[in-house]
1. In whole Å and largest first, what semi-axes does the C-alpha gyration tensor of the stretch 1-99 yield when each eigenvalue is scaled by 5 and square-rooted?
2. How high is the relative contact order of the stretch 23-90, given as a whole-number percent (alpha carbon pairs under 8 Å, six or more residues apart)?
3. Determine the sum of side-chain charges near Arg75: Lys and Arg each +1, Asp and Glu each -1, restricted to other residues whose C-beta is under 13 angstrom from that of Arg75.
4. How many angstrom separate the Cα center of the stretch 119-165 from the Cα center of the stretch 1-55?
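Bear in mind that the values in this text are calculations on the coordinates, not laboratory data. Since this is a predicted model, take the numbers as computed values, not measurements. Because the Cβ atoms are built from the backbone with ideal geometry, glycine has one as well, and the counts that use them run over all protein chains shown.
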Amino acid sequence: MNQETQWIERCKQGHADAFTGLYEMYVRGIYDFAYFKTYHKETAEDVTATVFMKAFERIGQFDPGRGPFGAWLFRIARNEIIDLFRRRAPTLSLDDVWDLPAGGDVEIDAVNRDQYTRVREYLGRLPADKRDILIMRIWLDLPFREIAGVMEQNEAQCKMTFYRVLEKMRQEVPVTFFIVLAVGKYVIR
């Protein structure tokens with residue numbers, strides 16, 4: 001039995017302290033996913049907190065037979081973000097959710113922001129499920145097995161969607177923007 005499984009079992013038995021290990025294992029990935037979906041630091045922090053609160057409250061409902069724990073968490077995050085945008089849709093503008101780190105080189109930030117904005121615009125035109133698969137694979141480096149669990153699809157479907165979107169991007173997005181997409185987590189954040 002691996003460490004993650006032990007923590008889950010201990011949580012299910014009422015040992016709340018075991019949840020700390022699960023939190024530490026997944027907090028960065030969940031935060032990054034929320035950030036790349038909202039482009040807003042505080043919103044990503046709120047979503048992350050809500051995801052772990054819901055996971056803690058519902059740990060008894062987690063069934064390892066339906067997929068890995070990480071996929072379960074990302075599914076909670078994805079649903080939380082969908083609900084967030086449903087609640088905020090009439091009042092949210094793209095300008096309100098842009099979050100560039102303070103300090104640093106203004107000229108580089110401006111170039112990065114311009115390139116990142118173009119990539120975001122392209123990603124914004126993709127259907128949500130395709131965009132989520134792209135984000136989870138490129139930025140979060142999740143394995144297709146876990147992505148399939150989050151998306152409630154089979155692994156082959158996720159792979160096919162990912163590679164089809166990449167091929168379409170290669171045709172429609174200039175190479176420099178594709179590079180920014182591929183390394184965006186290092187350039188922008």
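1. Equivalent-ellipsoid dimensions as semi-axes: 28, 13, 11 Å.
2. 35 percent
3. -3
4. 21 Å
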